[in-house]
1. Just one of the numbered conditions (1) surrounded by fewer than 18 Cβ atoms within 10 Å (Cβ to Cβ); (2) of a type in the set (D, E, K, R); (3) within 20 Å of residue C:95 (Cβ to Cβ) is not true of residue C:314; which one?
2. Name every residue in region C:38-78 that is small (Gly, Ala, Ser), closer than 29 Å to residue C:93 by Cα and either more than 18 Å from the chain's Cα centre (by Cα) or surrounded by fewer than 20 Cβ atoms within 10 Å (Cβ to Cβ) (or both), in order of residue number.
3. When you go through (1) crowded, with 23+ Cβ neighbours inside 10 Å; (2) away from every other protein chain (no Cβ under 11 Å); (3) in a helix (DSSP H, G or I) one by one for residue A:123, which number turns out not to apply?
4. Take the residues of region C:55-75 that are in contact (Cβ under 8 Å) with a residue 60 or more places away in the chain and within 14 Å of chain D (Cβ to nearest Cβ): which is nearest to residue D:209 (Cα to Cα)?
5. Within 12 Å of chain C (Cβ to nearest Cβ), touching a Pro at 6+ places or on another chain (Cβ under 7 Å) and within 27 Å of residue C:81 (Cα to Cα) - does that describe any residue in region B:9-16?
6. Being free of Cβ contacts under 8 Å to residues at least 12 places away in the same chain and either of a type in the set (Gly, Ala, Ser) or within 14 Å of chain D (Cβ to nearest Cβ) (or both) is true for just one of C:78, C:42. Which residue is that?
7. I'm told residue A:88 meets every condition in (1) more than 19 Å from residue D:207 (Cβ to Cβ); (2) at pLDDT 95 or above; (3) more than 17 Å from the chain's Cα centre (by Cα); (4) surrounded by fewer than 23 Cβ atoms within 10 Å (Cβ to Cβ) except one. Can you identify the failing condition by its number?
8. Can you find a residue in region D:201-222 that is closer than 22 Å to residue D:150 by Cβ, in contact (Cβ under 8 Å) with a residue 60 or more places away in the chain, within 14 Å of chain C (Cβ to nearest Cβ) and surrounded by fewer than 22 Cβ atoms within 10 Å (Cβ to Cβ)?
Amino acid sequence: MAEEVENFEPKIVAFLCNWCSYAGADLAGIGRYQYPPNVRVIRVPCSGRVDPLYILKALQNGADGVLVSGCHPGDCHYIEGNYYARRKFAVLKNLLEALGLEEGRVQFSWVSAAEGERFSQVIREVTESVKKLGPARRMVKSFEIPKEIEKEIAEA
Amino acid sequence: MSENPENPYLPRPMRIVRITVESSTRDTRTFELEWVNPEDGRAFLYLPGQFAELSVLGSGEAPISITSSPTQPNLQFCIKRMGVVTTAIHYMKEGDTLGVRGPYGNTFPLDLFKGKNILFIAGGIGLAPLRSVINYMLDDSHRKDYKDITILYGARTPGDLLFKYDLKAWGERPDVAYLETVDRAAAGYAGRVGFVPALLDQTAPKPKDTVAITCGPPIMIKYVLKSLTELGFPPEMIITTLEMRMKCGIGKCGRCNIGKYYVCIDGPVFSYAQLQKMPKEY
Amino acid sequence: MKDKILLKENLVSFGNSLIEQYRLIAPVKSNGFSLYKPVGNASEICLDYLRPLKSAKEIFFPQNETLFFFNKKTQKIAEPAYDKKPTILFGAVACDLAGIAAQDRLFSAGAYLDSYYLKRRRNSILIGMACPEPGEMCFCGFFGIDRFASDIADLFFTPFSDKYYIKVNTEAGARLVESLPDAAAADAKTVERLRCENAEPKWDIPPLDELARMLAEGFEADVWDEIAQKCIGCAACTFVCPTCHCFDITDEAKGEIGRRVRTWDGCMFPKFTLHASGHNPRTKGGQRMRQRILHKFSYFKDNQGVVSCTGCGRCAEICPVNVDIREVLKQLGEACERKS
Amino acid sequence: MDIQSEIQKIAARLLKNKEVAMVIGYGAGSAPNRTAPVFIDKEKDVGKLVFNRFCVNNLSLYLPRLKEKGKIAIVAKPCDVRTIVCLIQEKQIERDKVHIISFACPGLLEKDGKTLFASCAECAVTLPPVYDTLSGEAKEMERNEPFTDRVADFFSKMPAERWEMFKAEMEKCIRCYACRNACPMCYCEECFVERSLPRWIGEGSEVTDTMIFHIVRAIHTAGRCGECGACARACPMDVNLAPLAKQIREDMLNLFHHQAGVDPNAPAALETFKPDDYNDFIK
């Protein structure tokens, strides 16, 4: 188990708001701030656009962690989208943890367009913490395809 | 019965050989398919009126009526983009593979049609299933079996008239009376404007020795049935084909149930006489 | 074939002798109610029940079933491997056996055989169990179902004193109980007496043939809207029903690999008949209720020769708003009487 | 006068004076310890109205679908009244088109006739927050019957164990949607589980699909759930949904000081925000 965790490279789905966090990711690139390659970025117009379903679907389809990142409170391009989002996320996160999902599978951050370095820092932290949790299992949909059948239909 | 009956749910692969964009809005296209394994094609024997379950792996299956005539070499399906599966099919290109199982359902009563005048009344994409039987009758080997053939066809706009190549060919044939109409004209359109039932009333076909075959949107069917009845067509001589949400295609899943009938095995072709005895749940 | 006797105290060892060669499915109690479930040790079998909460249909027609796996890239498909180990359904009550008989007809009817159902069904043995006392929602007697016998069961158990009387109906059944002692004539008499003493009560519902006429006449009756007014449009009734067989087929994919699954569906769901175009032939609750009732009592009978209700009472039992199929039939009868 | 006769009397008066077009209430069930919803539009039928401790449904689910009938009187337990208030807040019904007949609620019993429903044992509001007529006395009720506290048991466990318990509950679910359809707040024309473009979750009873259904439904009712427990009582498989409802309720109270359906003028918790809302969980 320990060895598995050590070599484990988590897949992390990051929903980034177009106006702040996505631009922050851009800036991290321009500023050459290094961060681990574990995140798969999905650009959304606003953190308020992130439906809890998106997060759950990511987990169901095998994401080891999900990060949602938007503008700092008060800075939302749509004035208050992230305020509404914050309430929704609090409910989702607490509910998942109350049901027994590992704390840290689902994380949230505020990163502005000017915070390239902070973006890389957040990604480093998220990746580290998800790595510690090990591969996600609890919410992942099982496909139960027998190995020999998978092999049979893979051959052209 | 054998210990392991053949699995009726497995689709057979077909390759798209040609895609024809039919409507000006590009949301209706005809897909011409050929069998990947010729032996599947030899087992797939169909007659006009039948349908097949088309499947896109990962998206699902949808029942689509066969629009080609068995006198033609390849299978053709005219598909309007509506739901999950039809949208997926619209994303496909020539050379792509999709799955087909069938043919399912009953056929047009070709024996009843023999030696009679035939009147087709179609609206919009309702022409797709009728095109199969029209081209079957117009084939050199069958034309002599039928007397006068009249085709009335209407669509919302000129751009929505499907199978323009066939419409032109039918219009040019001396042994076919082809009349078309549109609900709304468009720039450059010089033809008739008006609804299909109005065209039917103007044409006033004689019911003697004539079978009417109709397919189109429910509201059109409603008025066409009314007009035909007023013209004196007996319900047994009015034939239509129903559209229902189907899933299995083989009379098990219960979805296309209308009264004791399953549209997928007892239909989709019904006479108006039969429809009158069925619950109005279609 | 001689009928047999099994002492109740030997039931567990008898059951365990079956587990070696068969997949044994029997009523098991968990969370306060009993369900037909695969049994690892016969001591789990619980016969102290009315009838399991769900019917036995899912043993041959599971709620989710992979029809085949596919690979979107190669366009290849493959059926899942099939467990060759035969199944024994033990402890099925007569209403559930009648349900299986109805499903047998449907899945082998017409030009298309349902290979998935038939593969399982043909590789199975049914062992029935007499139902000691009908529940408060049960009315199997209305359909002439005998709680103490079933034609389609290979073996049928009737408990009395410290024993089970085993009626042997088939060769396959006989092989399972070969080593057990034969039943005496006196035992047969005791069981027969038990059966007579537990004859069904009378039902305050129009008799079946009259009901068929009423259903045909009552198609447009306003009573359907009345009956359906309280229905909330869930499909719990269809899911616990031993004969409801409507299903949906959908694809699920993960990357290039996927599967086509069939899952139970229900005519009580408002979207069951919704077309892709947005047209829906059954938009009203009354129409959906009529579909369910007429399918059971009229359409299925026309097509398969039997009524597809076994009077198990499960739909009434679990209905969140107490739509009781017996009352539906009664109301319908009253409405038809009013009309004529 | 007992609650039942008083309800009948009120219903008779309302129908006689044509104050309402219909009374929705509880009628006798088809077996002991059961009731069924009844819809009464004639004064002579008010005798069909019953009241006992098996009035398990939340009848307010019928209000939006029957609103074209005109003004409707409804027999509602205090917890049901909370959902009526939510329906009014969400403009599904109008306050002056509904006549609420309520009472001090003694709590509901399970079919055994002895055990109190867990949601009733936990209920803190035995008097309706809003009503038009009150049957019986307006006094807080004590509930002394035994009940099975599955919530406390659930939350006493460690996360991994909780997840296993949650999973076991989800595996019981047959996806009949009785819980959703019994819920007055689940009035969406199209539920996310039935959408096909995109299809959010599989149709079958695969456990993660089922989990997503219940988690998202719980979130959709956050701040709107009247905690009437009708979902749990509707479940044929006895799936324990209480921990989800409990967690949502606690969050609403602790994080946002919100209780659904108590104040008709307060917006639902997720429809509003404060700039200084709970932020600790965000990096």
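The values are calculated or read from the model by the stated rules, or taken from the named source; none is laboratory data. Since this is a predicted model, take the numbers as computed values, not measurements. Ideal geometry is used to build each Cβ from the backbone, glycine not excepted, and the neighbour counts take in all protein chains shown.
1. (1)
2. Passing the criteria: C:40, C:42, C:43.
3. For residue A:123, the failing item is (2).
4. Taking the candidates together, the pick is C:64.
5. Checking region B:9-16: not a single residue is within 12 Å of chain C (Cβ to nearest Cβ), touching a Pro at 6+ places or on another chain (Cβ under 7 Å) and within 27 Å of residue C:81 (Cα to Cα).
6. C:78
7. Against the list (1) more than 19 Å from residue D:207 (Cβ to Cβ); (2) at pLDDT 95 or above; (3) more than 17 Å from the chain's Cα centre (by Cα); (4) surrounded by fewer than 23 Cβ atoms within 10 Å (Cβ to Cβ), residue A:88 comes up short only on (3).
8. no
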